[in-house]
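Novice: Submitted below is the structure of interest, expressed as structure tokens.
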Amino acid sequence: MLQTAYTLYPWLLDLSKPKDGLFRAGLSFVMVILAISLWHLWFVKKSKKIVAQLPPGPRGLPTVGYLPFLGTDNLHLSFTELAATYGPIFKLWLGNKLCVVISSPELAKEVVRDHDVTFSERDPPIAAQVASFGCNDIAFDSSSNPRWTNKRKVLATELLTNARLNACYGLRREQVMNGLKDVYENVGRPIDIGKWTYLVALNVAISMILGGELPGEKGAAIEGNLKENSSESMVLLGKPNVSDIFPAIARFDIQGIERGMRKINQQFNRLLESVIEMAIDKEKDEKSSEQKLGFLELLLHLKRNNNEDNASPLTMDEVKGLLVDILVGGTDTTTTMVEWTMAVLMQHPEIMEKVKKELSDVVGVNNTVEEFHLSNLSYLNVVIKETFRLHPALPLLVPRCPARSVHLNGYTIPKGSRLFINMWCIHRDPGIWENPLEFRPERFLNDPDNSNHYGNDFRFMPFGSGRRKCPGIPLGEKLLFFILASLLHSFEWRLPHGIVLDMSGKFGIVMKKKEPILLIPTPRLTNLDANG
Ligand code: HEM
């Protein structure tokens, strides 16, 4: 058509025959309009083709996108409902962020294995950027930054090695025993399991960071402030922030989240400076044995010296970022998992009985649990796995962000969009799991692959997978297991009279129980004091 118009064009412009002029001018006008219309049609079709390359998804409203239709409480549930309509890959706009959600193991494999490098970037929320000393931690630093690889290596090969964790078992034991003694003193009264566990997990983290208790009144005050500060930080990190969804208005900080986080961060910084000073003094006074050093002393050592591979030493902000990862990454996740496990056990008395019997057989009725018992508690192990399946601490993992546009399942996932892997949906998919909503630990009992939850089985990834997989597994799992075994072996638990368990979750970075779980303890061991 365009070619015909092109050949006619000289004739149309030949205005030497005046009587035909009007006709030719009219025809010329029509042809130009036709050409423009054809070009327009071609252009619209081409742009539609680009739009069609995005995954399907629900329509939203101008500016806010699908935001008003999503409940704030349970993003993973809304995403699961949308997957039922739009399939295992869909997109939606939240404000002006394009989000893509995937909900099948096949697509999860493509993201975390086949395109792992491309999908390993993060889109850090503002509060997290501040809390992590400008993304100087592991969770929010760019994976293309060689310093990120260095920090993951430091965590894996310096802090969380078996030898190091074994060396500081005494510190974990002491904090768990202190927690059990608190429960003992409150026998017969309701205990908030989440609050109790959070305090124990935080005490463990602080104690391992400092290599024990800080001396004197100053030390006790610093420890108290660190606890308070970490809890406040968790609250702000969990709050949805309008500035993250509408970057154009971020500078107004409408909810004051950024200001709040900056204040907390300054206090935290001052606390860390005091702790660092004390650690340096301690180092001067006594040369502690290498294995007994606290994480902070080790990090300061790595800050001063090049490590074996001659990677450049850690910066002070990186030391602080790593401490934040340990304080934040390990405490809320462990707390949440203890809460959910206790809740499901209260719902299933027959499973609780089996757990208690195993504990009595393996640990003995007059002994407290020690970490060396854990590898023999195979039934408790599968109870925890089943809880991970039904109540993963991070149901959407930590959202990823492609470093460049990628094709996934025939769709384009544009660079900079936010990608969620809905593990909640995959963990409950009836096509994968038999009676998926049933709490049945036995499903894992005869499983030959005991390590299938470490990221190689894309149907079951409570710790994520690929380059961004949780680097805290060795500590997280040990602590979770140890706290649960100790609680269940030392006490009988019952719900307060007339209380019905509420099993709904409240979505944040970590999915906690919506209602705290309050349980009343009665001693099971006769001699907790003697063993402590
Ligand atoms: C039961 C306890 C824990 C659970 C369930 C858990 C779960 C997770 C999950 C699901 C992720 C996201 C993985 C992904 O996006 O693919 C993650 C990331 C992370 N976790 Fe854990 N975690 C636990 C304990 C810990 C502990 C104890 C630490 C620190 C010592 C820790 C530090 C981190 C860090 C730094 C990241 C970010 C990794 C990165 O982005 O490269 N976690 N965790």
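Novice: What's the local net charge at PRO441, with K and R +1, D and E -1, over the other residues with C-beta under 10 Å away? Before the final figure, lay out each step's value.
Specialist: Numbers: positive: LYS354, LYS385, ARG389, ARG440, ARG443; negative: GLU386, GLU442.
Taking every Cβ under 10 Å from that of PRO441, the sum is +3.
Novice: Also, I was wondering about something else. Points 7 angstrom from Cα along the Cβ direction at VAL242 and VAL365: gap in nanometres?
Specialist: 6.2 nm
Novice: Roughly speaking, what is the stretch gain from ALA220 to ARG251, that is 0.36 nm per residue apart minus the C-alpha to C-alpha distance, in nm to one decimal? Provide the component values of the computation, followed by the final result.
Specialist: Numbers: separation 31, 0.36 × 31 = 11.16 nm, distance 3.78 nm.
Answer, rounded to one decimal: 7.4 nm.
Novice: Next question. Counting only other residues whose beta carbon sits under 12 Å from that of VAL382, what net charge do I get with K and R as +1, D and E as -1?
Specialist: With Lys, Arg at +1 and Asp, Glu at -1, the net is +1.
Novice: Whole-Hz ³J(HN,Hα) for each residue in region 421-435, computed from phi via Karplus 6.51 cos²θ - 1.76 cosθ + 1.60 with θ = phi - 60°, x for glycine and proline: what do you get?
Specialist: Each residue's phi maps through the Karplus curve to give 9, 7, 5, 3, 5, 5, 5, 10, 6, x, x, 10, 10, 6, 6 Hz.
Novice: Kindly flag which residue pairs out of LYS109/LYS385; LYS153/LYS218; LYS97/LYS469; LYS195/LYS415 have an alpha-carbon separation exceeding 30 Å in this structure.
Specialist: Values: LYS109/LYS385 20 Å; LYS153/LYS218 33 Å; LYS97/LYS469 24 Å; LYS195/LYS415 40 Å.
Beyond 30 Å: LYS153/LYS218; LYS195/LYS415.
Novice: Among 75-88, 426-439, how do they line up by average Cβ neighbours within 10 Å per residue, starting with the highest? Walk me through the numbers before you get to the answer.
Specialist: Values: 75-88: 17.4, 426-439: 14.3.
Output ranking for 75-88, 426-439: 75-88, 426-439.
Novice: What residues qualify as long-range amide H neighbours of GLY65, i.e. H under 5 Å apart, gap of 5 or more or another chain, H built at 1.01 Å from N?
Specialist: Under 5 Å from the amide H of GLY65 lie the amide H atoms of GLY95, each far enough along the sequence or on another chain.
Novice: Counting only C-alpha contacts under 8 Å and six or more residues apart, can you give the relative contact order of region 81-140 as a whole percent?
Specialist: Numbers: 37 pairs, mean separation 10.8, N = 60.
Once divided by the residue count of region 81-140, the mean separation gives 18 percent.
Novice: Under a cut-off of 16 Å between alpha-carbon atoms, report the aspartates and glutamates in cross-link reach of LYS263, not counting same-chain residues fewer than 8 places apart.
Specialist: GLU228, GLU232, ASP253, GLU273
Novice: Right, here's the next one. Once a ≥ b ≥ c are taken as the square roots of the eigenvalues of the Cα gyration tensor of region 373-532, is the result rounded (a/c under 1.5), prolate (a/b larger than b/c) or oblate (a/b not larger than b/c)?
Specialist: Numbers: a/c = 2.11, a/b = 1.86, b/c = 1.13.
Judged from the Cα gyration tensor, region 373-532 comes out prolate (a/c at least 1.5, a/b above b/c).
Novice: Pop out the carbon and sulfur fraction of the accessible area of region 288-397 as a percent, whole number, probe 1.4 Å. Don't skip to the answer; put the middle values down first.
Specialist: Details: 2010 of 3860 Å².
The nonpolar share, carbon plus sulfur, comes to 52 percent.
Novice: Right, another one. Can you give the extra length, in nm with one decimal, that the chain gains between PHE372 and GLN266 once fully stretched, where that is 0.36 nm per residue apart less the Cα-Cα distance? All intermediate terms of the calculation are to be shown ahead of the outcome.
Specialist: On the way: separation 106, 0.36 × 106 = 38.16 nm, distance 4.02 nm.
In short, 34.1 nm is gained.
Novice: At a Förster radius of 56 Å, what calculated FRET efficiency corresponds to the Cβ-Cβ distance of ASP281 and GLU438, to the nearest 0.05? Walk me through the numbers on the way to the answer.
Specialist: Details: r = 56 Å, r/R0 = 1.01.
It comes to 0.50.
Novice: Based on alpha-carbon centroids, what's the gap between region 141-212 and region 308-372 in Å, whole number please?
Specialist: Spelled out, the Cα-based centre of one part sits 8 Å from the other.
Novice: Let me ask something else about it. Rounded to two decimals, what is the ratio between the C-alpha radius of gyration of region 69-523 and 2.2 N^0.38 Å?
Specialist: Values: Rg = 21.9 Å, N = 455, 2.2 N^0.38 = 22.5 Å.
Expressed relative to 2.2 N^0.38 Å, the Cα Rg reads 0.97.
Novice: Another question, if that's okay. So what is the relative contact order for region 67-173, in percent, with contacts set as C-alpha pairs under 8 Å and at least six apart?
Specialist: Details: 62 pairs, mean separation 12.7, N = 107.
Relative contact order, region 67-173: 12 percent.
Novice: Using Cα-Cα distances under 8 Å and only pairs 6 or more residues apart, what relative contact order does region 69-523 have, in percent? Walk me through the intermediate numbers first.
Specialist: On the way: 640 pairs, mean separation 122.1, N = 455.
Answer for region 69-523 is 27 percent.
Novice: I would also like to ask the following. Only sites in a loop by DSSP and with at most 14 other Cβ atoms within 10 Å count here; which GluC sites (Glu not before Pro) in region 343-379 make the cut? Walk me through the numbers before you get to the answer.
Specialist: Working: sites: GLU350, GLU353, GLU358, GLU370, GLU371; in loops: GLU370.
Those satisfying the criteria are GLU370.
The values are calculated or read from the model by the stated rules, or taken from the named source; none is laboratory data. A quick note: this is a predicted structure, and the numbers were derived from the prediction, not measured. Using ideal geometry, Cβ is built from the backbone for each residue, glycine included, and neighbour counts are taken over all protein chains shown. Please note that ligands, DNA and RNA were not included when accessible areas were found on the heavy atoms of the full protein model with its side chains. Shrake-Rupley method; radii C 1.70, N 1.55, O 1.52, S 1.80 Å.
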